[in-house]
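Peer 1: Encoded as structure tokens, here's the structure I'll be asking about.
The values are calculated or read from the model by the stated rules, or taken from the named source; none is laboratory data. Keep in mind that what you see is a predicted model, and the values were worked out from it rather than measured. With ideal geometry, Cβ positions are generated from the backbone for all residues, glycine too; neighbour counts draw on all protein chains shown.
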Amino acid sequence: MAVGPGAGVHVHRFGSVADGSPAVGLHGWGGTHETFAPLVPHLPVHRGLVCPDLPGYGRSDEPAAWAWEAVARATHAALVEAGVREGAEVVGSCSGALLALEIGRLRPGFFGRLVLVDPFAWMPWYFRLFTWPLLGPVAYWTAFENPVGRWITNGALAQRRAAGTDMTGSFAEQRSGTTLAYLRMLRRLQGPAHFRGVAGDIVIVHGERTFSAVRAGLDAWRRALPVRVVVEAPGAGHLPIMEAPSLLSSLLWEETAGVRAGS
């Protein structure tokens with residue numbers, strides 16, 4: 001039986017972990033460790049990437065409490081048990097970027113380089129809608145819980161993704177109780193100011209075609225965090241890990257030479 005603070009959190013390992021501490025991938029809303037499969041062909045030799053299914057998602061148990069700090073502590077413990085050491089690189093996608101920052105807030109120095117991919121500074125109204133009593137679960141079922149709804153939603157998001165990208169397919173395997181619980185937790189966060197004081201080599205990446213709400217929050221992130229550079233992923237939408245994996249790999253393990261800084 002699994003025991004310890006990280007028990008119940010499934011961690012998947014991509015690549016080699018023989019040399020040094022592995023980097024970390026933290027998926028976003030509705031995802032699993034498979035979010036980071038597109039990075040595997042771009043892994044440096046002898047470097048590994050460990051990616052948990054966040055508590056409640058995929059093969060992981062639900063957290064002890066549906067609270068952001070509880071999720072962060074359980075995830076941190078699982079990463080330590082998986083061999084991640086102080087100063088590791090982390091790439092966080094969407095709300096996974098916020099989890100990386102929360103772990104950085106609770107455990108200063110655990111992450112040395114933080115690559116924050118398409119993070120929302122605040123929850124926009126179209127996500128808040130799913131947290132409303134009565135209407136929220138119905139709206140969620142309509143958009144994500146059935147194949148027709150997912151197809152329509154993915155089509156409606158055509159301007160926020162590259163051609164051929166499926167932004168809703170992962171929800172077919174998720175428990176609605178988990179995805180809605182994460183939205184409620186995220187709604188309670190107080191924006192970038194909550195993470196003030198987090199240090200490290202912080203890089204923000206956003207897709208060229210991402211949501212306007214992501215772009216609108218960039219200045220707030222700059223004010224709250226020591227952001228070294230903001231990088232725009234050309235042609236990508238909200239999922240640059242899927243749509244620009246070579247760029248993401250270079251930012252995670254190398255310097256930013258040759259990439260285009262965003263506004």
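Peer 1: For the stretch 11-43, give me each residue that is at pLDDT 95 or above and in a loop (DSSP other than H, G, I, E, B).
Peer 2: 27
Peer 1: For the stretch 117-130, how many residues are under 16 Å from residue 188 (Cα atoms) and crowded, with 16+ Cβ neighbours inside 10 Å?
Peer 2: The initial filter retains those residues of the stretch 117-130 that are under 16 Å from residue 188 (Cα atoms), namely 119-130.
Right, trim to crowded, with 16+ Cβ neighbours inside 10 Å and you get 119-123, 127, 130.
Qualifying residue count, the stretch 117-130: 7.
Peer 1: If we scan the stretch 47-59, do we find a residue that is farther than 26 Å from residue 190 by Cβ, small (Gly, Ala, Ser) and not in a loop (DSSP other than H, G, I, E, B)? Don't jump to the end; show me each part of the working.
Peer 2: So in the stretch 47-59, the residues farther than 26 Å from residue 190 by Cβ come out as 47-51, 53, 58-59.
Right, trim to small (Gly, Ala, Ser) and you get 48, 58.
Narrowing further to those that are not in a loop (DSSP other than H, G, I, E, B): 48.
Within the stretch 47-59, one or more residues are farther than 26 Å from residue 190 by Cβ, small (Gly, Ala, Ser) and not in a loop (DSSP other than H, G, I, E, B).
Peer 1: Can you pull out every residue in the stretch 104-116 that is in a helix (DSSP H, G or I) and buried (at least 24 other Cβ atoms within 10 Å of the Cβ)?
Peer 2: Initial filter on the stretch 104-116 (in a helix (DSSP H, G or I)): 104-106.
The one that is in a helix (DSSP H, G or I) and buried (at least 24 other Cβ atoms within 10 Å of the Cβ): 104.
Peer 1: Any chance the stretch 62-76 includes a residue that's part of a loop (DSSP other than H, G, I, E, B), within 25 Å of residue 208 (Cα to Cα) and either in contact with an Asp or Glu (Cβ under 6 Å, 6 or more places away or on another chain) or modelled with pLDDT under 95 (or both)?
Peer 2: Let us first name the residues in the stretch 62-76 that are part of a loop (DSSP other than H, G, I, E, B), namely 62-67.
Restricting the remaining residues to those that are within 25 Å of residue 208 (Cα to Cα) gives none.
So far as the stretch 62-76 goes, no, none of its residues is part of a loop (DSSP other than H, G, I, E, B), within 25 Å of residue 208 (Cα to Cα) and either in contact with an Asp or Glu (Cβ under 6 Å, 6 or more places away or on another chain) or modelled with pLDDT under 95 (or both).
Peer 1: Filter the stretch 96-109 down to the residues that are under 17 Å from the mean Cα position of the chain (by Cα) and of a type outside the set (Lys, Arg) and list them by number.
Peer 2: Of the stretch 96-109, the ones under 17 Å from the mean Cα position of the chain (by Cα) are 96-105.
Listed by number, the residues that qualify are 96, 97, 98, 99, 100, 101, 102, 103, 104.
Peer 1: Could I ask something else about it? How many residues, within the stretch 114-146, are modelled with pLDDT under 80, closer than 29 Å to residue 248 by Cβ and touching a helix residue (DSSP H, G or I) at 6+ places or on another chain (Cβ under 8 Å)?
Peer 2: Residues meeting the conditions: 5.
Peer 1: Only residues that are of a type outside the set (A, V, I, L, M, F, W, C), under 19 Å from residue 120 (Cβ atoms) and either assigned to a loop (DSSP other than H, G, I, E, B) or out of contact with any Gly (no Cβ under 6 Å at 6 or more places or on another chain) (or both): list them for the stretch 77-97, please. Spell out how you get there, then give the answer.
Peer 2: Taking the stretch 77-97 as the starting set, the residues that turn out to be of a type outside the set (A, V, I, L, M, F, W, C) are 81, 83, 85-87, 89, 92-93, 95-96.
Narrowing the set further to residues that are under 19 Å from residue 120 (Cβ atoms) leaves 92-93, 95-96.
Within the stretch 77-97, just 92 meets the criteria.
Peer 1: Any idea which of 49, 26, 54 is of a type in the set (A, V, I, L, M), under 21 Å from residue 116 (Cα atoms) and more than 13 Å from the chain's Cα centre (by Cα)? Full working, then the answer.
Peer 2: Values: 26 fails: more than 13 Å from the chain's Cα centre (by Cα); 54 fails: more than 13 Å from the chain's Cα centre (by Cα).
None of the other options fit; the residue is 49.
Peer 1: Considering only the stretch 221-239, how many residues are more than 11 Å from residue 204 (Cβ to Cβ) and either assigned to a helix (DSSP H, G or I) or at pLDDT 95 or above (or both)?
Peer 2: Adding up the residues that qualify gives 3.
Peer 1: Provide a single number: the residues in the stretch 35-68 that are under 19 Å from residue 100 (Cα atoms) and surrounded by 19 or more Cβ atoms within 10 Å (Cβ to Cβ).
Peer 2: Summing the residues that are under 19 Å from residue 100 (Cα atoms) and surrounded by 19 or more Cβ atoms within 10 Å (Cβ to Cβ) in the stretch 35-68 gives 17.
Peer 1: Same structure, new question: Where residues in the stretch 213-241 are β-branched (Val, Ile, Thr) and under 16 Å from the mean Cα position of the chain (by Cα), which of them is surrounded by the fewest Cβ atoms within 10 Å (Cβ to Cβ)?
Peer 2: Applying the filter and picking the extreme gives 214.
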